[in-house]
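Visitor: Below are the structure tokens for one structure; questions will follow.
Values quoted throughout were computed directly from the atomic coordinates according to the rules given, and no laboratory measurement underlies them. Since the structure is predicted, the reported quantities are computational estimates derived from the model, not experimental observations. Heads up, the Cβs are rebuilt from the backbone with ideal geometry, glycines too, and the neighbour counts pull from every protein chain shown.
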Amino acid sequence: MSAGFNPRRVAGVILRQYYLMRSSPTRVLPTFAWVAIDIVLWGFITRYLNSVGTPGMNFVPTLLGAVLMWDFFSRVMQGVTVAFFEDVWARNFLNIFATPLSIGEYVSGLVLTSVATSIVGLAVMLLLATGVFGFSFFSYGLLLIPFLLVLFLFGIALGILACAMVLRLGPASEWLVWPIPALLSPFAGVFYPLATLPPWMQWIGHLLPPSYVFEGMRAIVAGHGFSWASLIGGLVLAIAQIVAAAWCFAAVHRKAVRSGLLARYSAESVS
Amino acid sequence: MISTMQTRETPRPVLSVSALRKQYGSTLAVDDISFDVAPGHIVGLLGPNGAGKTTTINMILGVLAPSSGRITIEGYDVTTQRAQALARTNFAAVYAPLPGNLTVRQNLKVFGLIYDVPDLDTRIETLIERFDLQRFRDAKCGVLSSGEQTRVCLAKAMLNAPRLLLLDEPTASIDPATARDIRGMIRDIAADGHSAVLWTSHNMYEVEEVCDRVLFVSRGRVLLAGDPKTLPGQHGVASLEELFIQAANEPLSFGTQTA
């Protein structure tokens, strides 16, 4: 019964998610179904564009690769938020937060759950994109690793932030979380260079770590010079955003304990 | 401070609540409440709806921060030593059922890990047997009856062999026979002298039967405290229920903290 970070408590959070997944196909399906549909849709779009575009031009690594990586980020974020929503839906906050479980252990459990579910999604996407549409992830070389790492870290940061938002605003605010990736995608330059955007959108884009990934990805495919410094900047930004999101969650939790919101969460009221 | 041990030798209290206050804006939900609960004792926290009982329990559970005052569990401060304090505590409440989409065993396994219970599988089997849950081991909690769910909540509450057990209306909405069984289980828990129990209920019959001591709370303050068997006579009424109604209707006539 130690007071420090206890891996068994984290395992308890993860095990709950595993039990839920194991007994519920409706929970397993979304981990890969929507991303698979995206890959199929964009796979055919790129195949069509290749057939009508300039001979030799290959849209697969730019368009399909971008879709795949953006979907990976979305899955990571939703992996965190859905694990949190399970406690919202089951009205389990009192049972969870009246235990020795710390906020760090709880959030770690959510993040590790997301690692598992997003790897499943990534594997399915890779299988489809490679097997059906001839996509090669390795066309990005070793940069694939930092690319995925930045997207993963940003997905975690945004997932934790979204959980903090739902904790603060109540269960109904869950609906604000689902469209977040779609809302950010125009600013992150998933399919086009940031320079395409008006200055104010570029400014926001520079605050989003994925924009450095997609700029780098396009530079490699086009055979242009690639800026490591820029990618490292994106990595540092993503790490800083995780720290900020974790601080935000802890602050929201502290406020919810002070105001009584946590004890009466389902009422969405502190009055 | 009101002691729960006036006639017996006084061991170190498991729960110590001191000058506890909780204020929401201009509303004072809990106003300067103090009491101790000793090991082996069952203390009843009684009062009308909105009196501040659940607010007090939420503060003891660390899910609600007091405006002022101090709560210690086995000497650990709930505010500053939360993990140590809550590792020694557990609870069952009618408004906090376990997730209905997990089976009885899965819920016990998950919460057993969260409470870092050693030799967990053996402990789970012991509790499943103790609370007569063998038939429901692999049933999802959501499909169980109220009484069965209460037994599962009690099994969860006993996972870490808590020094402090908080029970918020554990027999609400269950039939008299099941309620009697549950009262027996809780008496057995306290009887071994390891755990202290803080119990809220609106059933004065069971309070009188089970509790060693009661605290009457109204408008956030402790109005009366004492032995539930002798307290009505001391105040010139026939029963605990009558005393409850009188205290709830005329709280001012009881002053404050009549120990």
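Visitor: List the residues of segment A:3-18 whose backbone N lies under 15 Å from a point placed 7 Å from the Cα of B:Gln81 along the Cα-to-Cβ direction.
Guide: A:3-4
Visitor: Compute and list, largest first, the equivalent-ellipsoid semi-axes of chain B from the alpha carbon gyration tensor, each √(5λ) rounded to a whole angstrom. Could the numbers behind the result be given before it?
Guide: Details: eigenvalues 180, 84, 58 Å².
Semi-axis lengths for chain B are 30, 21, 17 Å.
Visitor: Scan chain A and note any complete DSSP helix (H) whose C-alpha atoms cover at least 15 Å along its axis and whose Kyte-Doolittle average is -1.0 or more. Don't jump to the answer; show the numbers that get you there.
Guide: Values: long enough: A:7-22 (22 Å, -0.12); A:25-52 (40 Å, 0.90); A:65-89 (34 Å, 0.83); A:103-133 (43 Å, 1.81); A:144-169 (37 Å, 2.59); A:209-222 (21 Å, 0.54); A:228-259 (46 Å, 1.23).
Those that pass (Cα extent of 15 Å or more, hydropathy at least -1.0) are A:7-22, A:25-52, A:65-89, A:103-133, A:144-169, A:209-222, A:228-259.
Visitor: What number, in nm² with one decimal, is the all-direction average of the projected area of the convex hull of the alpha-carbon atoms of segment A:91-150? Kindly include the intermediate steps, with their values, before the conclusion.
Guide: Details: hull surface 24.0 nm².
So the mean shadow area of the Cα hull is 6.0 nm².
Visitor: If R0 is 51 Å, what FRET efficiency do you get for B:Tyr205 and A:Trp178 from their C-beta distance, rounded to 0.05?
Guide: Working: r = 50 Å, r/R0 = 0.99.
That pair, B:Tyr205 with A:Trp178, gives E of 0.50.
Visitor: Once you've got the GNM for chain B with C-alpha springs shorter than 10 Å, pick whichever of B:Pro97, B:Pro39, B:Pro176 has the biggest mean-square fluctuation.
Guide: Its mean-square fluctuation being the largest, the pick is B:Pro176.
Visitor: Within the protein assembly as shown, how many Lys pairs that are eight or more residues apart, or on different chains, come under 27 Å at the alpha-carbon?
Guide: Here the count comes out as 8.
Visitor: Additional query: Could you tell me what percent of the DSSP beta bridges with both partners in the protein assembly as shown are antiparallel, to the nearest 5? Before the final figure, lay out the partial values.
Guide: Details: 21 of 41 bridges.
Counting DSSP beta bridges with both partners in the protein assembly as shown, the antiparallel share is about 50 percent.
Visitor: Per residue of segment B:48-56, what does 6.51 cos²θ - 1.76 cosθ + 1.60 with θ = phi - 60° give for ³J(HN,Hα)? Whole Hz please, x for Gly and Pro, Karplus curve as stated.
Guide: Per residue, the Karplus-derived 3J(HN,Hα) values read x, 4, x, 6, x, 5, 5, 4, 4 Hz.
Visitor: Another question about this same structure. Can you give the average number of partner chain beta-carbon atoms within 10 Å of each beta-carbon in peptide A:124-133, as a whole number?
Guide: Working: counts 0, 0, 0, 0, 0, 0, 0, 0, 0, 0.
Mean inter-chain Cβ contacts per residue within 10 Å come to 0.
Visitor: Remind me, relative contact order of chain A in percent, using alpha carbon pairs under 8 angstrom and six or more residues apart?
Guide: Taking the mean separation of contacting Cα pairs over the length of chain A, I get 23 percent.
Visitor: Restricting the calculation to Cα positions, tell me the Rg (one decimal) and the Dmax (whole number) of segment B:96-161 in Å.
Guide: Just the Cα atoms of segment B:96-161 yield Rg and Dmax of 10.4, 30 Å.
Visitor: On to the next question. Quick one: divide the alpha-carbon radius of gyration of segment A:76-125 by 2.2 N^0.38 Å and tell me what you get.
Guide: Numbers: Rg = 12.2 Å, N = 50, 2.2 N^0.38 = 9.7 Å.
So segment A:76-125 has a normalised radius of gyration of 1.25.
Visitor: A further question follows. With a point put 7 Å past each Cα toward its Cβ, work out how far A:Trp228 is from A:Val52 in nm, to one decimal.
Guide: Here the answer is 4.2 nm between the modelled labels.
Visitor: What's the longest piece of chain B with no exposed trypsin sites (Lys or Arg not before Pro), counting a site as exposed if DSSP puts it in a loop and it has at most 13 other beta carbons within 10 Å?
Guide: Working: sites that count: B:Arg8, B:Lys229.
With trypsin sites (Lys or Arg not before Pro) excluded where exposed in loops, chain B gives B:9-228 as its longest stretch.
Visitor: Would you report the distance distribution of C-alpha pairs in segment B:63-186 as whole percents per 5 angstrom bin, up to the bin with the largest distance?
Guide: 2, 11, 20, 22, 20, 12, 8, 4, 1, 0
Visitor: Can you tell me how segment A:138-271 classifies by the Cα gyration tensor, rounded, prolate or oblate, using a/c under 1.5 as the rounded cut? Walk me through the intermediate numbers first.
Guide: Working: a/c = 3.05, a/b = 2.35, b/c = 1.30.
It comes out prolate by the Cα gyration axes.
Visitor: Also, I was wondering about something else. Out of every Cα pair in chain A, what percent are spaced more than 28 Å from each other? Mind dumping the intermediate values first?
Guide: On the way: 14304 of 36585 pairs.
That fraction is 39 percent.
Visitor: Mind jotting down the distance between the C-alpha centroids of segment B:166-230 and segment A:208-223, whole Å?
Guide: 65
Visitor: Which values of log₁₀ I(q)/I(0), to two decimal places, follow from the Debye formula for the protein assembly as shown at q = 0.05, 0.06 Å⁻¹ with a uniform point scatterer at every Cα?
Guide: The Cα Debye sum returns log10 ratios of -0.27, -0.37.
Visitor: Could you work out how far helix B:240-249 tilts from the main Cα principal axis of chain B, as a 0 to 90 degree angle to the nearest 10?
Guide: Taking the Cα atoms of chain B, the angle to B:240-249 is about 60 degrees.
Visitor: Let me ask something additional. Limiting things to C-alpha atoms, what are the Rg and the maximum Cα-Cα separation (Dmax) for segment A:92-194, in angstroms?
Guide: 17.1, 51
Visitor: Given the rule -39500 (n - 2.57) for each run of at least 4 DSSP H residues, summed and divided by the residues of the protein assembly as shown, what is its mean residue ellipticity at 222 nm, to the nearest 500 deg cm²/dmol?
Guide: Mean residue ellipticity at 222 nm (helix-derived): -17500 deg cm²/dmol.
Visitor: Amide H of B:Leu15 versus every other amide H placed in the peptide plane: which residues, excluding those fewer than 5 positions away on the same chain, fall under 5 Å?
Guide: B:Val37, B:Glu74
Visitor: Shifting gears a bit: Angle between the Cα long axis of helix B:104-114 and the longest principal axis of chain B, 0 to 90 degrees, nearest 10?
Guide: 70
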